[in-house]
Amino acid sequence: MDQQCFDRIYETTYRPLLKYAIIHLSDPTDAEDALQNVYLAFYRRIERYGHMDVLFPKAFLLKMLKREIIECYAERQKRPLRPLEDVSEDRLTDDLTFEDGVLDRALAQDILAEAKRLPRETYRVFVLYYGYELSVSEIAQELGMGTEAVKSRLFRGRKAIRQYLMADDVDAESGR
């Protein structure tokens, strides 16, 4: 397999396939993992059999991605819920204490959990903006909506999460 051919296929298909994976998997990390599994399987397949029989690489990869998403959901059904992993001190920067790192991670997990409660479109916009650092116009183009709709969803998502965090702070201060 010509590496340039694979690189060209990867570059032209990555963003639309990532978008598809994010839309169909609720966890952005699962979406990235699923997509990377697809590209690895595709690379191995074309190393073994060549790429001449793959006339439409995007359609071929999309079919593989759909199977990977199904497998991901099946795997989720099999695995029991596990407690959150401990934060190790070596993963924290020098200027942070261990406690600060734990609090930052807990806050990030709270924000992500609250973001998952947002309406589906708002959640996708939120993840693409903050998780993948896409611009408003890039998100609008990827999701096929206007930039004002993207801005509105970002505003509503931030507002909902801010209200949740402020309510949580009030509860903590009042000792509830």
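Cβ-Cβ distance of ILE111 and LEU55, R₀ of 30 Å, FRET efficiency by 1/(1 + (r/R0)^6): the value works out to about 0.10. A Förster distance of 30 Å, applied to the separation of the beta-carbon atoms of GLN4 and GLN36, puts the FRET efficiency at 0.90.
Please sort 41-47, 125-131, 150-156 by packing, taking for each peptide the average over its residues of neighbouring beta carbons within 10 angstrom, highest first. Display every interim value, and only then the final one.
Details: 41-47: 15.6, 125-131: 21.0, 150-156: 17.3.
Ranking the peptides 41-47, 125-131, 150-156 by packing returns 125-131, 150-156, 41-47.
No value in this document is a laboratory result; all are computed from the given coordinates. Remember, it's a predicted structure, so these values are computed and weren't measured experimentally. A quick note on method: Cβ atoms are made from the backbone with ideal geometry, for glycine too, and the neighbour counts reach across all protein chains shown.
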